[in-house]
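One structure below.
Taken together, the values in this text are just the output of simple stated rules run on the coordinates, not laboratory data. Remember, it's a predicted structure, so these values are computed and weren't measured experimentally. Ideal geometry is used to build each Cβ from the backbone, glycine not excepted, and the neighbour counts take in all protein chains shown.
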Amino acid sequence: MIHVQQTFRSLAVLVALATVSVCPSARGEDESPSMKVGFAERDITPEIGMEQPGGYGKAYHGSIHDPCKVRAVVFDDGKKRVALVGVDALVVRRPLVEAARKAIEAKCGIPPECVLIGASHSHSAGPTGMILPGEYDHATADVRALAYEKSSCADAKYLATVEREIVAAVRAADSAGVEARCGAGSGEEGTVAYNRRFRMKDGLTFTHPRQGNPEVVEAAGPIDPEVGVIGVWDHDGKLLGCVVNYACHATTSPGGASANWIYYMEQVIRGSLGEDAVVVFLAGACGDITQVDNRSPYTFPQREKWARLVGGCVGAEAVKVLLKMEPGALVPLDARSKQIEIPRRVPSPERVARCRELVAKDPKEVGAAEWTFAKEIVLLDALLAKATVVPVEVQVVQVGPAVFVSNPAEFFCQLGLDIKAGSPFPLTFPVELANGCVGYVPTAEALGPRGGGYETRLTSYSNLVPTAGKTLVDAGLALVGQLTPGVIPTRPKAAPFSGQGWSYGSVPPELE
């Protein structure tokens, strides 16, 4: 395990001095806060030997790099409580979310619509997906073998651990609530995240066409450089914790079980502003965004360094945003949730039959990619036998001037930007892979004649109709429209000009 707190010790000294400017106690101002906030975290590091999800086949953890966690914050304005929960996990499937929310409501009294549970999408975390225990028990023996023996599967014991620790973290955060002052803001980090999809000379779009590919024309989509942050301080000016929202896949995978680059983001924030601060991370719309710059002429960093680079840069930007905040009350708190049903795309019977023939052969004979996608069609066909539509939850959680707009998709970046453009809130933070998982949801263009790429393939994981993205954007904005934005706290206005400038500054130059 690698620790980086000492790396930032000198930075922490400078930051400690600068922090005085945002501590209410240092200004001698009215310290009566208007809300209570509590943070907590729990360990969910997987055991060595457990599956490492993130692909369509099986892989296993052979070491531990850093802890995987559940991190939670509960805001209470005296009228309503809302909980934001970040989980170091590839995905959180719907049954896990429903069970955790039910227990949270029973133990804390916080209703399900006020609890947002988001996965960081760490590709180096524990086995919460892809396939759930028993999900294909209805299928034939050969399909069950494809699902349970040839695919990435969740672990029942680990799922129970994650559920238990989500509930424990929210309970602890709720109990730890203290009078606090909060700030909200955002910065930009546009140098470590890249759109991985490119338009090619043949008119189609490829995912990761690789460096130096002469067929690349241009990037097929944007990035979202905004680093959204909510900070919380106690009455002594100590940073209790923060919430960070950023759009980039957690695929740096530094080696072993890990929270991925989110670990280094946490280390930078803690090393700068307080080693006990809890950092709740919620992933932005990054279905097509990773750390890989396909147009870079240089070799990529070693994975450990890459994880430090992404996490360090995002963490440093979050620190800058925190230092510039003016703590106050982030009110009101509110939440809305709506479940909609979205149809699945359906492969033709001829394609299903052809894919059944392919998966009966050795993958080496067929080719690994072709065999894998054939397997996925067979698995999708089995899912369609149970349901041709997918229930999808869209949720909004308001913390004063900031609104978190969530869905359970690997949401393309442009769709997240569409939500931001249509929101009346001064701070709008899309959250993907929250409260469930429905796989990739691309733009309609990506699924059109000039689209293509890995994310648009029809699989058991990703299969919603092309209009799903717009449906989720519209549903999220409709819920946002039911809320009234709060105000970002600011410093008091300066006194009116006295009529006289600074005496030392209002002097003419002297030459002799």
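Values as computed for the structure displayed
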{"read-out": "Highest to lowest packing among 174-182, 51-59, scored as the average C-beta count within 10 Å", "value": "174-182, 51-59"}
{"read-out": "0 to 90° range, to nearest 10: angle between helix 261-273 axis and the chain longest Cα axis", "value": "10"}
{"read-out": "Binned Cα-Cα distance frequencies in the range 82-142 - 10 Å width, integer %", "value": "20, 41, 29, 9, 1"}
{"read-out": "Order of His235, His249 - criterion: other Cβ atoms within 10 Å of each residue's Cβ, fewest first", "value": "His235, His249"}
{"read-out": "With Cα atoms, 0 to 90° folded angle of helix 9-19 axis to the chain main axis", "value": "60"}
{"read-out": "5 angstrom amide H check on Leu427, placed H, neighbours 5+ away", "value": "Val403"}
{"read-out": "FRET efficiency estimate (nearest 0.05) - Cβ-Cβ, Ala421 to Glu365, R0 35 angstrom", "value": "0.10"}
{"read-out": "Ellipsoid equivalent to the range 183-237 - semi-axes via the Cα gyration tensor, in Å", "value": "39, 9, 7"}
{"read-out": "Largest to smallest principal axis extent of the C-alpha atoms in the range 342-499, angstrom", "value": "87, 30, 26"}
{"read-out": "Kirkwood hydrodynamic radius (C-alpha pairs) into Stokes-Einstein, the range 275-328, 37 °C and 0.692 mPa s, D in µm²/s", "value": "237"}
{"read-out": "Computed P(r) (all Cα pairs; the chain; 10 Å bins; percent)", "value": "4, 19, 29, 26, 13, 6, 2, 1, 0, 0"}
{"read-out": "Packing-based exposure ordering (other Cβ within 10 Å, fewest first) of Glu432, Glu105, Glu226", "value": "Glu105, Glu226, Glu432"}
{"read-out": "Estimated [θ] at 222 nm from DSSP helical runs (n ≥ 4, -39500 (n - 2.57)) normalised by residues in the chain, nearest 500", "value": "-9500 deg cm²/dmol"}
{"read-out": "Equivalent ellipsoid semi-axes, the range 215-295, via Cα gyration tensor eigenvalues times 5, rooted, Å", "value": "30, 15, 9"}
{"read-out": "Mean separation of Cα contacts under 8 Å, 6 or more apart, over the residue count of the range 77-200: relative contact order %", "value": "27"}
{"read-out": "Cα-based shape type of the range 124-220, given that a ≥ b ≥ c are square roots of the gyration tensor eigenvalues and the cut on a/c is 1.5", "value": "oblate"}
{"read-out": "Acute angle (nearest 10 degrees) that the helix 468-480 long axis makes with the longest principal axis of the chain, alpha-carbon atoms", "value": "30"}
{"read-out": "Solvent-free Debye scattering, log10 I(q)/I(0), computed from the Cα coordinates of the range 413-512 at q = 0.14, 0.18 Å⁻¹", "value": "-0.69, -0.96"}
{"read-out": "Distant-in-sequence amide H partners of Ile44 (H built 1.01 Å from N, under 5 Å)", "value": "Cys68, Lys69, Val70"}
{"read-out": "Three-way shape call for the range 394-461 based on the alpha-carbon gyration tensor, with the a/c threshold at 1.5", "value": "oblate"}
{"read-out": "Estimated D of the range 310-364 in µm² per second, where Rh is the Kirkwood radius over Cα pairs and Stokes-Einstein applies at 37 °C, 0.692 mPa s", "value": "182"}
{"read-out": "Per-residue Cβ neighbour rank within 10 angstrom, fewest leading, Ser460, Ser186", "value": "Ser186, Ser460"}
{"read-out": "Percent of Cα pairs exceeding the 27 Å cut-off, where the set is the range 25-154", "value": "37"}
{"read-out": "Under the Karplus curve 6.51 cos²θ - 1.76 cosθ + 1.60, θ = phi - 60°, whole-Hz ³J(HN,Hα) for the range 330-340, x wherever Gly or Pro sits", "value": "9, 10, x, 9, 6, 7, 9, 8, 9, 9, 10"}
{"read-out": "Stokes-Einstein D in µm²/s, Kirkwood radius over Cα pairs - the range 149-273 at 20 °C with 1.002 mPa s viscosity", "value": "114"}
{"read-out": "Assigned charges on the beta-carbon of Lys, Arg, Asp, Glu; the chain dipole about Cα centre (debye)", "value": "680"}
{"read-out": "From phi via Karplus (6.51, -1.76, 1.60), per-residue ³J(HN,Hα) for the range 232-240 in Hz, x at Gly/Pro", "value": "9, 10, 7, 5, 8, x, 7, 6, 7"}
